[in-house]
Amino acid sequence: MRDDGARDDLRVQDLDEGELLARVVPLMPTRALLGPGDDAALVAAPDGRVVATTDVLVEHRDFRRDWSSAADVGWKAVAQNVADVAAMGATCTGLLIGLGLPGDVEVAWVEDFAAGVAQACARFGAVVVGGDLSAAGEVVVAVTALGDLGGRAPVLRSGARAGDVVAVAGVLGRSAAGWELLRTGAPDARPDLLAAHRRPEPPVAAGPAAALAGASALMDVSDGLLRDAGRIAAASGVTVELSTASALGEWAADLGDLAPVLTGGEDHALLGCFPAGSAPPEPFVPVGRVAAAGEHPVLVDGRPWTGSLGWDHFRR
């Protein structure tokens, strides 16, 4: 930035690594025993155990710079990782962010990315404790998130049992519907759906709440409800039965289509299973039940889904 606040035209290739870090690191919130500046950070682990997860965002595969701002990309990188921590019943305690950049990327883009990270951290109660910079042929963002269970047992995918209530916290299908508007060149039709795609709002507080309520299984819906419900079914040895006479039907009515609700990922809702007879805690809403293992891992209104199951990184 110039002193007058106007954008300069610096590119990443115009600065060395230290100069770029000096511009970016102060923009991100940090709270650690030892934060950025040394070879590694030092983070407290009050529980004595550390939840750890990592995700990678690759330009042209996971985002496009002409569809999302740099701040949007920074927000999404944080959101998808804090959602994974929440899906274990934990609270995020720190983020490590690796950023690969082509030399011709504007320094202003990197600063805006950092601003988006800071905005998401403020929203979800996270902090940045370190990371790395590298040259790359396209923009690549790699985030590792650390979390604390607060003395609780982790909630796994493998604990669902027949009779459990299946419930969702958050929303489904909105990010996928926003992506479809961008893909088809109709970005002005539903600004709310574009916002959902660019800046998902995972219900991170619902993860620890689910653990405290005795959830038997829990996971982040990142690749689509059907695909991720199938993962719970496979891990638990059960069948997940979903019903459209629930919030699923309401979300489908809003979008005019059931498919994005069942197969669209990146809203980062939480999918939980709760023991029979229990009431899922707010903001979870029931969407089905768990049954004994059958021929199909997931059923929708008693029938198998015949279309796509959701996102797969190695298939279009």
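We did not get these values from a lab; they are worked out from the coordinates using the rules stated. Here the structure is a predicted model, which means the values were calculated and not measured. Methodologically, a virtual Cβ is constructed for each residue, glycine included, from the backbone with ideal geometry; neighbour enumeration extends over all protein chains shown.
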Using a Gaussian network model of the chain with C-alpha springs under 10 Å, which one of Asp148, Asp132, Asp72 is most mobile by mean-square fluctuation?
Asp132
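Counting only GluC sites (Glu not before Pro) that are in a DSSP loop and have at most 14 other C-beta atoms within 10 Å, tell me the longest site-free stretch of the chain.
Working: sites that count: Glu138, Glu295.
In the chain, the maximal stretch lacking such sites is 139-294.
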Rounded FRET efficiency, nearest 0.05, which uses the C-beta distance separating Asp104 from Ala293 and R0 of 41 Å:
0.15
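I'd like to compare 181-194, 269-282: which one has the highest average count of other Cβ atoms within 10 Å, and what's the full order after that?
Working: 181-194: 13.6, 269-282: 20.4.
Highest-to-lowest ranking by the protection proxy: 269-282, 181-194.
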Work out the charge dipole of the stretch 14-148 with +1 on the Cβ of Lys and Arg and -1 on the Cβ of Asp and Glu about the Cα centre, then indicate which of Val50, Val139, Leu15 is farthest towards its positive end.
Val50
Under a point spin-label approximation (7 Å from Cα along Cα-to-Cβ), what is the Val285-Ser308 distance to one decimal in nm?
2.4
In debye to the nearest 20, how big a dipole does the chain give about its Cα centre with +1 on each Lys and Arg Cβ and -1 on each Asp and Glu Cβ?
1120
Using alpha carbons only, how many angstrom separate the centre of the stretch 241-269 from the centre of the stretch 44-117?
26
What is the set of long-range amide H partners of Ser216 at a cut-off below 5 Å, with H atoms built 1.01 Å from backbone N?
Cys273, Phe274
Filter the DSSP H helices in the chain by two things, a Kyte-Doolittle mean of at least -1.0 and an axial alpha-carbon span of 15 angstrom or more, and list the hits by number.
70-86, 107-124, 225-236
Can you give me the distance in nm between label points at Asp188 and Asp257, each placed 7 Å from the Cα along the Cα-to-Cβ direction?
2.1
Ordered by fewest other Cβ atoms within 10 Å, a rough proxy for footprinting exposure, Thr144, Thr306, Thr53 read Thr306, Thr144, Thr53
